[in-house]
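Enquirer: Pasting in a structure now, in structure tokens, and then I'll have a few things to ask.
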Amino acid sequence: MSRLGLGTMTWGQDTEPDEAAAQLRAFADAGGTLVDTADVYCGGDAERILGHLLREQVRRSELVVATKSAILPDGRYDGSRRHLIAALDASLDRLGLEYVDLWHLHVHDPSTPAEETLSALDEAVASGRTRYVGVANHAGWQVAKAAAWQRAWPGRAPVVSVQVEYSLLRREVERELVPATVDAGAGLLAWSPLGRGVLTGKYRTGLPAGSRAANPRFSDFVQPYLDEECSRIVESVVTAAEGLGASPLGVALSWVRDRAGVAAPIVGARTAAQLAQALESEELTLPQEIRAALDDVSDMPGAHA
């Protein structure tokens, strides 16, 4: 059984439906189960494509389908009960499903009382729209507050998962977010475990054509990880990969996969070939001395307790 999750953020834009179909088939054939999407991914097209593939390519029972709500098309947040339930209903319609297995609050909306936002989780579970619920892109204290609120009264839907960006280039979540997730008894789903693609080593000599950093839509997303400090970490990953006869992608992904509290890294591949590389990393377990060396080189000040 694969411990990787499949992300769909580019489905419908940089990843065409045929390529998405190839990814999903390869993922399922490798034993993968968790497929992660969101209502705002490519204006809803990611959910539409996934829904079509669930009807035509892969049996619904083979997968754990997860989606997210709370971000509006214009980028604003809306954690109101009214919006969240309406958004989930719209997601189910695009997916062609009666329920999803896992529904996340995509972001924390500070303008909506937490009790109202969290009540939407209870309604979604009680009504059968989702089996389980979680939160994404929340701070440690927000995770702790949500988890405690949901445990405080019988019948509330517990927070079972937390999505957060986590990689060798993004370890500050180890200070509060990861411990809060573990304390809540939730599984951590690590998005962008390859440091927005930088940890694959493909940016060591420039910006390859077709890469996210060379794409105007994603360049600002990748740029923060192209500095000197991150480059030093990337070189260490490359050195470790050469010593193991593995790929930098495999080394970086294995490091995240086996961190305490991590249930699964979520890999968002643009092509089926890229996904195949990620799936191959399932066989790789880092020796303790290499893991310790990577821990040391990526141990940024204030990154963890």
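The values are calculated or read from the model by the stated rules, or taken from the named source; none is laboratory data. These numbers come from a predicted model, not from an experiment. Please note: Cβ atoms are built from the backbone with ideal geometry, for glycine as well, and neighbour counts cover all protein chains shown.
Enquirer: Output yes when any residue across segment 175-194 is surrounded by fewer than 17 Cβ atoms within 10 Å (Cβ to Cβ), touching a His at 6+ places or on another chain (Cβ under 7 Å) and assigned to a loop (DSSP other than H, G, I, E, B), and no when none is.
Expert: yes
Enquirer: Within the set of pairs 6 or more residues apart or between chains, which connect a residue that is within 14 Å of L4 (Cα to Cα) inside segment 280-292 to a residue that is hydrophobic (A, V, I, L, M, F, W, C) with Cβ atoms less than 6 Å apart?
Expert: S281/L253; L284/A246
Enquirer: Would it be correct to say that Q142 is assigned to a helix (DSSP H, G or I), under 21 Å from the mean Cα position of the chain (by Cα), farther than 30 Å from E16 by Cβ and of a type in the set (S, T, N, Q)?
Expert: Yes; evaluated as a whole, the condition is true for this residue.
Enquirer: Follow-up question, since we're still on this one. If you check Y77 against the conditions, is it in contact with a Pro (Cβ under 9 Å, 6 or more places away or on another chain), buried (at least 19 other Cβ atoms within 10 Å of the Cβ), among the hydroxyl-bearing types (S, T, Y) and in contact (Cβ under 8 Å) with a residue 24 or more places away in the chain?
Expert: no
Enquirer: Also, I was wondering about something else. Being polar (S, T, N, Q), surrounded by 15 or more Cβ atoms within 10 Å (Cβ to Cβ) and in contact with a helix residue (DSSP H, G or I) (Cβ under 9 Å, 6 or more places away or on another chain) is the filter here; which residues of segment 123-164 pass it?
Expert: Once the filter is applied, which keeps residues that are polar (S, T, N, Q), surrounded by 15 or more Cβ atoms within 10 Å (Cβ to Cβ) and in contact with a helix residue (DSSP H, G or I) (Cβ under 9 Å, 6 or more places away or on another chain), segment 123-164 yields T130, Q142, Q150, S161.
Enquirer: Go through the residues of segment 184-195 one by one and say whether even a single one is of a type outside the set (V, I, T), at pLDDT 95 or above and more than 19 Å from the chain's Cα centre (by Cα).
Expert: So far as segment 184-195 goes, no, none of its residues is of a type outside the set (V, I, T), at pLDDT 95 or above and more than 19 Å from the chain's Cα centre (by Cα).
Enquirer: Only residues that are within 25 Å of G5 (Cα to Cα), among the aliphatic types (A, V, I, L, M) and not in a loop (DSSP other than H, G, I, E, B): list them for segment 86-117, please.
Expert: A87, L88, A90, L92, L95, V100, L102, L105
Enquirer: Are any of the residues in segment 172-182 touching a strand residue (DSSP E or B) at 6+ places or on another chain (Cβ under 7 Å), modelled with pLDDT of 95 or more and under 20 Å from Y99 (Cβ atoms)?
Expert: no
Enquirer: Out of D29, D78, report the one residue that is within 17 Å of A276 (Cβ to Cβ) and of a type in the set (D, E).
Expert: Answer to the selection: D29.
Enquirer: Examine segment 241-260 for a residue that is over 18 Å from the mean Cα position of the chain (by Cα), surrounded by 19 or more Cβ atoms within 10 Å (Cβ to Cβ) and of a type in the set (S, T, N, Q), and state whether such a residue exists.
Expert: yes
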